[in-house]
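Contents: one structure, followed by commentary.
Coordinate-derived values only; no laboratory data. Keep in mind it's a predicted model, so treat the numbers as computed, not measured. A quick note on method: Cβ atoms are made from the backbone with ideal geometry, for glycine too, and the neighbour counts reach across all protein chains shown.
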Amino acid sequence: MSDEQTPSRSPGSNDTGRGDTGRGDTGRGGPGRGGPAHGGPEPEEIRFFGTTWVHHDGGYGLRRAGAAAGSLALAAAGAVVLRFAFQGLEIAAVGRFVGILVVAGFAVCSALAFRRTWDGFVRRPAPGARGAADTSSQGLMLIGFIGSLLAYFCRSLVEAPGEKLYRAEYAAARERHERRRGARTGNPAAKKPRAGKRR
């Protein structure tokens, strides 16, 4: 019997030791996630977290700590690079006014990038707002990369960046799936009494 059971434990089977939770996912990325047996919706993957945000397993806490530390370290490195660039402007003697404009420009771009990145974690942009707006904001996000990194750091202290949004969408998708499945399974049950009357 062991030879017959071996093929059934394919790479797509649930081998996480959690058992059948009825949720149709394992909380991890890769072939093991999803719910082929239940046919339900699968959770989306978050960068650096996969689907560990569903059950907070698979090293979720370590991933959050790593994401927070990494983003903060990159932001600090970026600040050092900008400091060197500002010193280069001072050496070039471009003038105090130009120096103030450069610092103010980086500060404004960083603040806008922080806000835009933070908003991306809590809500999806409207379909009509994409396109030209995204193209024009790429330069802004590039200049204000420190603000984006700080937003990622702050969000990682609370949750996986974007987890609240993904969880709400996943719960809504599961609810819609359950309603559709309940409607489909309800129709055959309603037809059974009619078949008994014909007999």
* To do: For Asp57, enumerate residues with amide H under 5 Å from its amide H, sequence gap 5+ or separate chain, H modeled in the peptide plane.
  => none
* Can you run phi through the Karplus equation (6.51, -1.76, 1.60; θ = phi - 60°) for the range 74-85 and list ³J(HN,Hα) in whole Hz, with x for Gly and Pro? -> 5, 5, 5, 4, x, 5, 5, 4, 5, 5, 5, 5
* Lys and Arg at +1, Asp and Glu at -1: add these up for the other residues within a Cβ distance under 13 Å of Val122 and post the number. => +3
* To do: Sort the following peptides by mean Cβ neighbour count (other Cβ atoms within 10 Å, averaged over residues), highest first: 152-158, 66-72.
  => 152-158, 66-72
* **Cut-off 15 Å between beta-carbons: net charge of the residues surrounding Gly162, Lys and Arg +1, Asp and Glu -1** => +3
* Structure fact -> The summed charge of the Ala107 Cβ neighbourhood (under 14 Å; Lys/Arg +1, Asp/Glu -1) stands at +2
